[in-house]
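All remarks here apply to the structure that follows.
The values are calculated or read from the model by the stated rules, or taken from the named source; none is laboratory data. Please read these numbers as outputs of a predicted model, since none were measured by experiment. No Cβ is skipped: glycine too gets one built from the backbone with ideal geometry, and neighbour counts run over all protein chains shown. Accessible surface is based on the protein model in full, side chains and every heavy atom, while ligands, DNA and RNA are left aside. Shrake-Rupley method; radii C 1.70, N 1.55, O 1.52, S 1.80 Å.
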Amino acid sequence: MVLIHGLWMGRWAMWPLARRLKQAGFAPLLFGYPSRAAPAANAERLAHWLDEQNASPDHFLAHSLGGVLLAHLFARHPDSRPPGARLVLLGSPLAGSAVARGLAQWRLGRWLLGGSLEAGLAGDVPTWTAPNTLMLAGTRPVGPGRLVPEALVSPNDGTVAVAETSTPGLTDHRCLPVNHFALLWSERVAQAAIDHLSSGGE
């Protein structure tokens, strides 16, 4: 299975989840990418990386912007999702991010976000097409969204609003009392992900 990090992070961000998944019997592979690049370009990087693997990964788990990247991947390369694959998204703003759009009003914010805004955090994310997808959204409002409080509606995880994680095509959508970054290390989040992934095998 493949683990994909979010904005301004690297593969290291997925280590806590990778450890718990290994303990549950999975064999996680961590994909890293330049998160300030456009999601469509990163989807092509992911497609190439998947082609290089010895075996086709069977499941995907993505945090935040990583879920947007997957939406682009499946829109461009539908065969990259094996039949029976199960997916878990953690706080992914598939409907775009009001906080990102607010930050983009500032020169520094536009620089920090870079290409991630393009058909990504600014909106216009490809329609989600993958079945067997669980979205886990946080409801603890602690995070960088406070920099643009007028942009972030409740409930939210301090960075992404729950409404921004909802889109047609999801199999299940659940809210947990964690913030955006705790989605990566919360034991409760990890167990919900493992339960969903286990129902489809390793």
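Would you check which residues across region 8-47 are polar (S, T, N, Q) and buried (at least 19 other Cβ atoms within 10 Å of the Cβ) and list them? Please lay out each step first, then the result.
Of the residues in region 8-47, the ones polar (S, T, N, Q) are 23, 35, 42.
SER35, ASN42, listed by residue number.
Could you list, in sequence order, the residues of region 144-174 that are out of contact with any helix residue (DSSP H, G or I) (no Cβ under 8 Å at 6 or more places or on another chain), assigned to a loop (DSSP other than H, G, I, E, B) and either closer than 15 Å to VAL189 by Cβ or among the hydrophobic types (A, V, I, L, M, F, W, C) (or both)?
LEU170
Filter region 131-165 for residues that are at pLDDT 95 or above, surrounded by 21 or more Cβ atoms within 10 Å (Cβ to Cβ) and farther than 18 Å from MET9 by Cα and give the result.
THR133, LEU134, MET135, LEU136, ALA137, GLY138, ASN156, ALA161, GLU164, THR165
Is region 105-113 home to any residue that is of a type in the set (D, E, K, R), surrounded by fewer than 24 Cβ atoms within 10 Å (Cβ to Cβ) and touching a residue at least 24 places away in the same chain (Cβ under 8 Å)? Let's see the steps before the verdict.
Of the residues in region 105-113, the ones of a type in the set (D, E, K, R) are 107, 110.
Adding the requirement that they be surrounded by fewer than 24 Cβ atoms within 10 Å (Cβ to Cβ) leaves 107, 110.
Adding the requirement that they be touching a residue at least 24 places away in the same chain (Cβ under 8 Å) leaves none.
The answer is no; no qualifying residue exists.
Search region 163-188 for residues that are small (Gly, Ala, Ser) and pair each with any residue that is in a helix (DSSP H, G or I) and open to solvent by 20 Å² or more (accessible area, probe 1.4 Å) when their beta-carbon atoms are under 7 Å apart and the residues are at least 6 apart or on different chains.
none
When ALA193 is evaluated against the numbered criteria (1) of a type outside the set (Asp, Glu); (2) outside any helix (DSSP H, G or I); (3) touching a residue at least 24 places away in the same chain (Cβ under 8 Å); (4) surrounded by 18 or more Cβ atoms within 10 Å (Cβ to Cβ), which criterion, by number, is the only one it fails?
Of everything listed in (1) of a type outside the set (Asp, Glu); (2) outside any helix (DSSP H, G or I); (3) touching a residue at least 24 places away in the same chain (Cβ under 8 Å); (4) surrounded by 18 or more Cβ atoms within 10 Å (Cβ to Cβ), ALA193 misses just condition (2).
Please go through region 48-76 and pick out each residue that is surrounded by fewer than 16 Cβ atoms within 10 Å (Cβ to Cβ) and in contact (Cβ under 8 Å) with a residue 24 or more places away in the chain.
Across region 48-76, the qualifying residues are GLN53, SER56, ARG76.
Residues LEU94, LEU30: which one is in contact with a Lys or Arg (Cβ under 8 Å, 6 or more places away or on another chain) and not in a helix (DSSP H, G or I)? Don't jump to the end; show me each part of the working.
Numbers: LEU94 fails: in contact with a Lys or Arg (Cβ under 8 Å, 6 or more places away or on another chain).
Being in contact with a Lys or Arg (Cβ under 8 Å, 6 or more places away or on another chain) and not in a helix (DSSP H, G or I) holds for just one of LEU94, LEU30, which is LEU30.
Would you check if there is a residue in region 66-73 being in contact with a Leu (Cβ under 7 Å, 6 or more places away or on another chain), outside any loop (DSSP other than H, G, I, E, B), within 26 Å of VAL189 (Cα to Cα) and not aliphatic (A, V, I, L, M)?
Yes, the conditions are met somewhere in region 66-73.
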